[in-house]
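Here the structure comes first, spelled out in structure tokens, and everything after it is commentary.
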Amino acid sequence: MNLPEPRAILTLLKPITWFPPMWAFACGTITGSEKIFENLPIFSLGLLLTGPLVCASSQAVNDWYDRHVDAINEPNRPIPSGRIPGRWGLYIAVIWSLISLWVGSFLGPIGFLATTLALVLAWFYSMPPIRFKNNGWLGNLACGVSYEGLAWVTGATLLSAGAMPSKPSLLLAGLYSASAHGIMTLNDFKAIEGDRQMGVRSLPVQLGAKRAAQVSALMMLVPQVIVLALLLLWDKPAYAAAIGALMIGQIFLLRDFLKRPIEKALFYSGFGVPLLVSGMMAAAFAVNSMGIES
């Protein structure tokens, strides 16, 4: 029996994609009522779960069900290239999901429930007949909720001794989930041709590249404007100023992206998105500075 190459398995699990949910989990923990340094085992296990396990599972699931699309768009990916032969892509997705559930159980009922929900969203995103991915609006929403909102709220809850996170924390989780909808669109510009042929109605396929880029930019920027306004309302002008400065940097980079979205989507993802997620951390520290009574 042919076995997959170890390096191909790592490529399938896409370590570069683990950062967003790990970052969101960390931001959520900062807004919790308990100190991270006094809960390092929970914090560390949560990071392991959100990135190398749950997110990696979602990538394996996606690559398995996208293997026909990848054969057009990215034929060198592990499954279409044959480096992961037969049905091993599916087996890895199932095994990694089961390991994720097992590790999630060590974080108590809340951690296990969050892990289960994240995995359900991951499988429903890619797996027929539900396949949220076939509609860019629904697919990006599922990813935004899972990668940002769910990870944030889970971190905040676990670092609040299981109590409901504060209202400011929940508001920020929802707003940055909306921003993640726009971020997810950036990944679709490189796959327009294959998506169109295989019936995947991503936003660039539905709206065209330029209009999809405009929608993506609005989805990323508008929630940040609301975050900035909330920080001013909460009397946190220094944190609001930091987010404002980061937004100016994003707007500067967006000019090129909006002119040439297909060519510049990857560039903006690499340089503009880090400014957005830096603002997430600033907003989390703003909530932390309010104290647990917030």
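The values are calculated or read from the model by the stated rules, or taken from the named source; none is laboratory data. This structure is a prediction, so every number in the text was calculated from the model and none was measured. Glycine also receives a Cβ, built like all others from the backbone with ideal geometry; neighbour counts cover every protein chain displayed. Heads up: the accessible areas ignore ligands, DNA and RNA and are worked out on the full protein's heavy atoms, side chains in. Shrake-Rupley method; radii C 1.70, N 1.55, O 1.52, S 1.80 Å.
Just a few scattered comments:
- The stretch 133-156 and the stretch 227-261 have their alpha-carbon centroids 22 Å apart.
- Note on the chain: Lys pairs 8 or more places apart or on different chains, Cα atoms under 16 Å apart, count 7.
- The stretch between LEU113 and PHE267, if pulled fully straight at 0.36 nm per residue, gains 51.8 nm over its current Cα-Cα span.
- Solvent exposure of the chain, expressed per residue, is 46 Å² of accessible area, with all protein chains present and a 1.4 angstrom probe.
- Relative contact order, whole percent, for the stretch 77-153 stands at 16, derived from Cα pairs under 8 Å and 6 or more residues apart.
- Counting 0.36 nm for each residue step from SER278 to THR17 and taking away their Cα separation leaves a gain of 92.3 nm.
- Taking only protein heavy atoms and a 1.4 Å probe, the accessible area of the chain is 69% carbon and sulfur.
- Screening the chain for whole DSSP H helices with an alpha carbon extent of at least 18 angstrom along the helix axis and a mean Kyte-Doolittle hydropathy of at least -0.5 yields 88-104, 108-126, 167-186, 209-233, 237-259, 273-290.
- Pairwise FRET efficiency - TRP102 versus PHE124, Cβ, R0 = 25 Å, nearest 0.05: 0.75
- Amide hydrogen neighbours beyond the local backbone of ASN135, cut-off 5 Å, H modeled: ARG201
- Alpha-carbon centroid distance for the pair the stretch 1-62 / the stretch 67-128, whole angstrom: 13 Å
- Under 13 Å from a label point set 7 Å out along the Cα-to-Cβ vector of TRP234, the amide N atoms of the stretch 160-198 belong to 165-176.
- Model label points for ILE95 and ALA241, set 7 angstrom from Cα along the Cα-to-Cβ axis, are 5.4 nm apart.
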